[in-house]
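Everything on this sheet refers to the single structure shown next.
The values are calculated or read from the model by the stated rules, or taken from the named source; none is laboratory data. Worth saying up front: this structure is predicted, and the values here are computed from it rather than measured. Positions of Cβ are generated from backbone atoms using ideal geometry, with glycine treated the same way; all protein chains shown enter the neighbour counts. Just the protein is used for accessible areas: all its heavy atoms, side chains included, with ligands, DNA and RNA removed. Shrake-Rupley method; radii C 1.70, N 1.55, O 1.52, S 1.80 Å.
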Amino acid sequence: MSHFGSILLWVIYPYAMMLSFVFGTIVRFGWFRAGITAVSSEMLEKRKLMIGSLLFHVGIILAFFGHVLGILIPKTWTELFGISNELYHLVGSLMMGSAAGLMALAGMFILTYRRFTNARVFLTSSWSDLVIDVALLITIILGLASTLSSPFQGNFDYRETLSVWARSLFYLHPQWQLMANVPWIYKIHVICGFAIFGFFPYTRLVHALTLPWQYIFRRFIVYRRRPRV
């Protein structure tokens, strides 16, 4: 790949998706807040929705925090606490990562199957609903495949290449050269992940950012007895 192609993929594209996420979220919450909803189709079909949603949400939350820890925590930090690289990959990445990925995959497969095979759910779905379901399914499959194939990737260690590159984006000094020898399955997973991140504010996924803070800070409801006459 040429230098321009590498810079386009590993510098310009990630920053474009991150800017899209930030400004899209600001616009969505500032001017289109009333349209932020999960658009539940529970009344059309409930059983598959409950099972798929539970598996997907638990799995994707665990996978998300696993990605955050894998990217933000340098290799030297875990070694400082006596955690060897082999133990980290076996327990943290392979075992826990695979479990979270399988849960997310099972849940997303059920939800996608439900959306495309249930006529009532399909007809009430928007194009963005259909596209984001397929995109999430593909991204999860790629992520799980990356995790399961890591023992067969030879001397490749994502903590010395991909993670360092990801952290360098936040330092505003992207080390795009580190992505040159990253296996393609990881690269495609990263590209798909950033695409979902960039289009996140324009889909129903944005409801994940709405937390019911008002329930924490609201006044207590005061119950008064009706006075006796």
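Hey, with R₀ at 30 Å, roughly what FRET efficiency would Tyr171 and Trp127 work out to, going by the Cβ-Cβ distance, to 0.05? Intermediate values should be presented prior to the final figure.
Details: r = 37 Å, r/R0 = 1.25.
In this case the efficiency is close to 0.20.
Output the 0 to 90 degree angle, nearest 10, between the alpha-carbon long axis of helix 127-149 and the longest principal axis computed from the alpha carbons of the chain.
It is inclined by approximately 40 degrees.
Specify whether the C-alpha gyration tensor of the stretch 31-81 places it in the rounded, prolate or oblate class, a ≥ b ≥ c being the square roots of the eigenvalues: rounded for a/c under 1.5, otherwise prolate if a/b is larger than b/c and oblate if not.
It is oblate, given that a/c is not under 1.5 and a/b is not larger than b/c.
Which order do Arg115, Arg204, Arg47, Arg120 take when ranked by solvent-accessible area (1.4 Å probe, heavy atoms of all protein chains), largest first? Numbers along the way, then the final one.
Numbers: Arg115 25, Arg204 45, Arg47 175, Arg120 135 Å².
The ordering from most to least exposed comes out as Arg47, Arg120, Arg204, Arg115.
What is the distance in Å between the Cα centres of the stretch 1-20 and the stretch 113-165?
If you average the Cα positions of each part, the centres end up 20 Å apart.
Just check the stretch 125-193 against the gyration tensor rule for me: Cα atoms, a ≥ b ≥ c as the square roots of the eigenvalues, rounded for a/c under 1.5, and otherwise prolate or oblate depending on whether a/b exceeds b/c. Walk me through the numbers before you get to the answer.
Details: a/c = 3.34, a/b = 1.49, b/c = 2.24.
Taking the square roots of the gyration eigenvalues as a ≥ b ≥ c, the stretch 125-193 is oblate.
Leaving out ligands and nucleic acids, note down the accessible area per residue over the stretch 116-216 with a 1.4 angstrom probe, in whole Å². Intermediate results must be reported in sequence, preceding the final value.
Details: 5730 Å² over 101 residues.
Value returned for the stretch 116-216: 57 Å² of accessible area per residue.
For a Förster distance of 35 Å, can you work out the FRET efficiency between the beta-carbons of Ser40 and Phe65, rounded to the nearest 0.05?
Values: r = 25 Å, r/R0 = 0.72.
It comes to 0.90.
What distance in nm lies between label points placed 7 Å from Cα along the C-beta direction at Ser6 and Leu54?
About 4.8 nm, to one decimal.
Once neighbouring chains are kept in place and the probe is 1.4 Å, which whole percent of the accessible area of the stretch 79-156 is contributed by carbon and sulfur?
Values: 3350 of 4520 Å².
Ligands and nucleic acids excluded, carbon and sulfur reach 74 percent.
Of (1) 1.22; (2) 1.05; (3) 1.29, which is the value of Cα Rg over 2.2 N^0.38 Å derived from the coordinates here?
The calculated read-out lines up with (1).
Probe of 1.4 angstrom, ligands and nucleic acids ignored: what's the accessible area per residue over the stretch 1-67, in square angstrom?
Working: 4580 Å² over 67 residues.
Accessible area per residue: 68 Å².
Which order do the peptides 70-80, 178-188, 95-105 take when ranked by the mean count of other beta-carbon atoms within 10 Å per residue, highest first? It would help to have the intermediate numbers written out before the result.
Numbers: 70-80: 13.5, 178-188: 15.4, 95-105: 19.2.
Descending packing order for the listed peptides: 95-105, 178-188, 70-80.
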